[in-house]
Amino acid sequence: MDPLDARLSAAGRYVRDDADLVSALEALAEARAEGARRRRRRRFAAPVLTLGAVLALTGAGGVAATQWGSWSIADPDIVITRQWTDVAGTYLGTCESRIRASDLPEEKRARVREYFTTVDLDAFQPDPEFVALHLKIAGRLEDLGRLVPGADPDDFRTDELERSENQTSDARVMQDALAQTIAHELFLHVGRIELWSTFETQCSEDPAEGRS
Amino acid sequence: MTHDHPEAAIADAASALLGFFLRRVELVDDAAELVNETLIEAWKVVHRIPSDSQAARMWLFGVARNVLRHHRRSGRRRDALVERLGQAVQLARVADEDVVLEVRAAVRSLPGNLAELIRLVHWDGFTLEEAAVHLGIPASTARGRHARAKALLRAILGEVENDSTVSSSIERKAGR
C-alpha cells in the first residue's frame, strides 16, 4: 500500500465502535424512521410544513382556469407541460407550469438552471400526499384512488382539515402535486428558494387540448 | 447487491454519514445535527432510494452533501436525541495523534475541489468514479485531480513517491 494512502486512511478514522455512540446513533436513526412511519398514517401533520415552499409556489401565479389565459411569465426558463388522465385513462386536462429563474438571486439562478438541464422532468411524479390534501379540502378525498394508482384515503389522516368552497380541477391538483415533487427535489439540490413571482401554472380541461 | 428495504439502507449508512460530517465540520454538535437533518430529508423521499445498495449509499451521501451545503447553525433548540449523539461523539473521541492532525491539516490546505476529492475517496470510501459523480465532473478529470492532490500532499508532508518508485529510481541511478 502506498504509504501516503495509509496515512490518509489513518487520518480519516473516527470512533465508531464506542457503545454509547453506537447506541445514540441507533436511537436517532430509529426515531427518525419511526417519525416517518407515523407520518405515513397521518400525512397531513408534516406535509403542511414541507409543502410550505410549494404552497407559496402555487399560490401566487396560480390561475384556476379551465382554458388558457394570458401568461404573467412570457419568457420562462423552464416549461413543464403534462396531459393528465385518471388511472382508467380518462382525460382530465392539460396543464402548463412556467418557471422564470431570472428573478432569483444570481447564485440560485445558475443552480436552478443547471439542475433542470440534468433531470428528466418526465420522470417526476405527483406527490400523493399533496393530491390527498387538495382532494380532502375539496371534500372529495374518495377520488384519491381514481387519480393516484394504489392510493387509499384511509392512509391519510384528514380530520384536522377544513373544507374549502374553492374547487380545483383534477388536472390542476395533479399539476400542483407534480410541482410539489419538483419543489422538493429543488430543495435537495439547490436549497430553499422563493418562487412566488417566478412560477405560474395554467390548466385547461378542454378535450381538444388533450388531442393536440 | 440490493438491500431489503430502504429503511435498512438508511440505518446502514447512519454511521458513515456521521463520519462524513465529522470530517467536514469543526463542531461535533453540528455533525450530530447534520446527521439528523440528513435522516429527516432521506425519510421524506424514502420511496426514491435506489434499490441497489451502492446506488442507495451514493444517493444518501448526495442528500448529505446538499444538507451540508445548505447548513446554517439554526440556534433552535436541539432534539434531545441529537444532543445525546453529540455528547456521545465528544466522549468517545480520543486525542488525535500529531501525525493524524498533520495529515488532516495538509488535506485542509489543498484547494477545495482537491481536498473534497481526497475526503470522498480516502475517507468516505468511494471509488474515483463515484467521487466524480458526487462532484459532477468526468472520471478522467477526477483521476487527474486525484493525482495532483496526492502530489501536493506528498510535497506538504515531505513524503517520497512510494517504495517501488523509490526503488526503481535508485536502481536507475545505480545502473548509470
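Assorted remarks:
- Under the Karplus curve 6.51 cos²θ - 1.76 cosθ + 1.60, θ = phi - 60°, whole-Hz ³J(HN,Hα) for segment A:171-184, x wherever Gly or Pro sits: 4, 5, 4, 5, 5, 5, 5, 5, 4, 4, 4, 5, 4, 5
- D_trans [Stokes-Einstein, Kirkwood Rh over alpha-carbon pairs] for segment B:5-91, 10 °C, 1.306 mPa s, µm² s⁻¹: 121 µm²/s
- Distant-in-sequence amide contacts of A:GLY93, defined by a placed amide H-H separation under 5 Å and a gap of 5 or more residues or a different chain, comprise A:TRP84.
- For residues of B:35-43, the mean tally of beta carbons on other chains within 10 Å: 5
- Residues B:TRP59, B:TRP43, A:TRP71, sorted so that the one with the fewest Cβ neighbours within 10 Å comes first: A:TRP71, B:TRP59, B:TRP43
- Rounded to the nearest whole Hz, the Karplus-based 3J(HN,Hα) values (6.51 cos²θ - 1.76 cosθ + 1.60, θ = phi - 60°) of segment B:102-109 follow the sequence 5, 5, 4, 5, 5, 5, 4, 7, with x at glycine and proline.
- For segment B:1-71, GluC sites (Glu not before Pro) are listed when DSSP marks them as loop and at most 10 other Cβ atoms sit within 10 Å of their Cβ; the list is B:GLU26.
- Mean per-residue shielding of peptide A:16-24 is 6, counting Cβ atoms of other chains within 10 Å of each Cβ.
- Footprinting exposure proxy for B:PHE21, A:PHE187 (fewest neighbouring C-beta atoms within 10 Å first): A:PHE187, B:PHE21
- In this structure the amide hydrogen of A:ILE78, modeled in the peptide plane, comes within under 5 Å of the amide hydrogens of A:ILE99, A:ALA101, none closer than 5 places in sequence on its chain.
- P(r) histogram, all alpha-carbon pairs of segment A:1-41 included - 10 Å bins from 0, percent: 25, 25, 23, 19, 8, 1
- Peptide B:11-19 has a mean of 4 when you count, residue by residue, the C-beta atoms of other protein chains within 10 Å of its C-beta.
Values quoted throughout were computed directly from the atomic coordinates according to the rules given, and no laboratory measurement underlies them. Note that the structure is a prediction, hence the values are computed from the model and not measured. Neighbour counts are summed over all protein chains in view; Cβ atoms, including those assigned to glycine, are modelled from backbone coordinates with ideal geometry.
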